[in-house]
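Working notes, structure below.
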Amino acid sequence: MTDSNSQVSQTRRRWFPIRGKISLLSSILISIASVLFLFATWWFVTRGEIVEQRIVGPFALPSPAETFATFSDLWFDQQLTRNTLTTLRRVVLGFSLAAVVGIPLGILAGSFPPVKSLLAPLILFGRNIPIAALVPLTYFFFGVAEMQKVLFIFLACVAFVIADTTTSISNVGQQYLDTAYTLGSNRWQAITRVLVPLAMPGLFDSLRLLFGLAFGYIMLAESIKLGGETGGLGNLINAAQKRGLRTQIYLIILIIPIVAFLIDRVLFAIQRGLFPHKYGGGGWLLVIVRDIAHRIGDVKSMFFRPTPPYDQLTLEGIAAAERLDGGTSDDGRGHE
Amino acid sequence: MVEPPMTGEAMSDDPDAQPGNKPVVEFAGVSKSYNAGQTNEFTAIKDVTFTVHDKPGHGEFVGVLGPSGCGKSTILKLIAGLEPQHPPTTGTVSVHGRPVTGPGADRGMVFQDYTSFDHRTVLDNVTFGLECHGVSRKIREELGRHWIDQVGLNVATDQHKFPHELSGGMRQRVAIARSLILRPKVILMDEPFGALDPQTRLNMQDLLVKLWRNVEATVFFVTHSVEEAVYLGDRVYVLSASPGRLVHQVDVEPPHRPAALMQREEQFRDTVYHVNDLIAAEEAARVADSE
């Protein structure tokens, strides 16, 4: 071993180096410790059989054991799964509607400044409107049924979707657009084949964030109740509140982030599959998407002829050119 | 082979202006200013006039040199017809006798920034232009594989890779193939090898010489490297400091030999020093002006 090597091995080992790497196992262990600490604190402040012994009273905060004891009640009597799915369906429908309306508008606004100016007041209004104040108003327009919940999510999200799409499109470098133009693409092709695909990673990122937001908004719409039972997690919280069941409220509050986390992981897995240039990996979803795009293109080329002079290209012509190039490339350097 | 540098006035006596040699690219009194009439008015290039003729069976290779910010890229983008450089404030830019009205596939461009489309495989990147022109997949992929091979990439292993799996040099090979597959008559290169390491750069220079002999296009090559311009070019244009004017036009020896060999020869070094002096003089004139 050389001197310099032994010096390296003697380098003082620091605790907590900035941006130092840790193994996956220690990362998981630390996270578990964090959860355990929270539960231990919860247990500590709510320990004791009678109210007077407890640091925090059972009405404000039931003990962990009491909370989880109501799980079966929540699961069977309150139909937790069905209500979770009801909530999810509303968010997904409302959010999809916002995406279907907002993304095309955002693409137009990001591509054409006049459209951006046209939509700017709407976006400003939509983003700054107090969402909670919107809930009662939507009853007047859309009643108290499913439609109201879905449209509330749509209204709450659509301005954000338009704004974020516009930003993502604007963030695509001008050099990509210039490249597309010098390769003969028209404006429509420049938007659909260059701007939109290159804006997708940024757009998907902000949509994932917005979906989390929408999941929070739906609680608002579900827990403000007029008329009959409408179902959903927000409604469960409301019902538990009325019956004075603190334990169930806490349990639902614990379940919601877990559901949100699982959805987020699913969306992230899709993101990883679609954008290997950002997240590494093989991009299995991108490969599928490209394949679909190819097949659509194949159908198109059955109906449209190439624009001149590229309509002259044939497989035979290419083979002939290949032979020609192969012949000259060896002595290509000694041309003169 | 260094000819005495010609001044702007003498440039109309172009030695290539013979019957049969049609002008490919023509600049007639071209100026480009931004924010005209405002306090932040900026003139990128001023009164640039030149003609590049088509040599039959052999396009011309023009290296464009000049101090930083002298409008070298502006000239390329005016030929390409890209906004906001296009249209010129005064004068006309013509390609094949017709004024440039906008970008088109007849004028290919390779940029310094890696502009590979990240969501497309190498093959899909190379065939992008053909796809835009509606060429069927069978034909364009066949031709795409041919060009992937031509730029020195491995068809079998590289065609289905995504750009992020490639090195900088390989990405620029893709960019060159993507442009050449359309058989442009004019190729515009804006410092394409600027971000590459020196050895890769020499390899890319040799590749370019080989390819250019085959495609017979007129090439405009903007670079900061005098060696690169003198090696690759048939002719080197030297621009003045901002606002850029075309002040020297130097005919240089065409690249007969590999870059690593030729760039070591004494005669080559002499030419490089000569061009270096011309640029240094322009830089000095600008400093004297501003004081």
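Taken together, the values in this text are just the output of simple stated rules run on the coordinates, not laboratory data. No experiment lies behind these values; they were computed from the predicted model shown. Please note: Cβ atoms are built from the backbone with ideal geometry, for glycine as well, and neighbour counts cover all protein chains shown.
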Item to check | Label point 7 Å beyond Cα of A:Glu322 along Cβ direction - residues of region B:132-159 with amide nitrogen under 16 Å | outcome: B:137-159
Checklist entry - Considering only the other residues whose Cβ falls under 15 Å of the Cβ of A:Leu203, what net charge follows from Lys and Arg at +1 and Asp and Glu at -1? => result -1
Next on the checklist: If you split all Cα-Cα distances of the protein assembly as shown into 20 Å bins from zero, what percentages do you get per bin, shortest first?
Outcome noted: 15, 37, 28, 16, 4, 0
Next on the checklist: Eigenvalues of the Cα gyration tensor times 5, then square-rooted: what semi-axes does that give for region A:1-157, in whole angstrom, largest first?
Outcome noted: 45, 37, 16
Checklist entry - Given a Förster distance of 56 angstrom, what is the FRET efficiency for A:Val266 paired with A:Val51, based on the Cβ-Cβ distance and rounded to 0.05? => result 0.85
Item to check | A:Ile255/A:Arg295 FRET efficiency (R0 41 Å; Cβ-Cβ; nearest 0.05) | outcome: 0.45
Checklist entry - Dipole magnitude of region A:80-256 about its Cα centre, charges +1 at Lys/Arg Cβ and -1 at Asp/Glu Cβ only, in debye to the nearest 20? => result 400
Checklist entry - For labels at A:Phe16 and A:Ser117 in the simple 7 Å Cα→Cβ model, what's the distance in nm? => result 5.4
Next on the checklist: Between A:Ile30 and B:Lys22, how high is the FRET efficiency from 1/(1 + (r/R0)^6) when r is the Cβ-Cβ distance and R₀ = 56 Å? Nearest 0.05.
Outcome noted: 0.15
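Find the eigenvalues of the gyration tensor of the Cα atoms of region A:80-256, then list the square roots of 5 times those eigenvalues as equivalent ellipsoid semi-axes, largest first, in whole angstrom.
Square roots of five times the eigenvalues give 39, 16, 12 Å.
Could you give the dipole magnitude of region A:19-173 about its Cα centre, charging the beta-carbon of Lys and Arg +1 and that of Asp and Glu -1, in debye to the nearest 20?
Roughly 580 debye, rounded to the nearest 20.
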Checklist outcome for this item: With label points set 7 Å from each Cα along the Cα-to-Cβ direction at A:Phe142 and B:Glu83, the distance between them in nm comes to 3.8
Checklist outcome for this item: At the level of C-alpha centres, the distance separating region A:249-319 and region B:122-175, in angstrom, is 19
Next on the checklist: Below 8 Å, C-alpha to C-alpha, sequence gap of six or more: please give me the relative contact order for chain A in percent.
Outcome noted: 17
Next on the checklist: Which one, A:Val35, A:Val101, A:Val289, has the greatest fluctuation when you compute a Gaussian network model over chain A with C-alpha springs under 10 angstrom?
Outcome noted: A:Val35
Checklist outcome for this item: Relative contact order as a percentage, chain B, C-alpha pairs under 8 Å and 6+ apart, gives 26
Checklist entry - If you line up the Cα atoms of chain A on their principal axes, what length do they span on each, largest first, in Å? => result 102, 76, 37
Next on the checklist: Rounded to the nearest angstrom and ordered from largest down, what semi-axes does the equivalent ellipsoid of region B:135-281 get from its C-alpha gyration tensor (root of 5λ)?
Outcome noted: 31, 16, 14
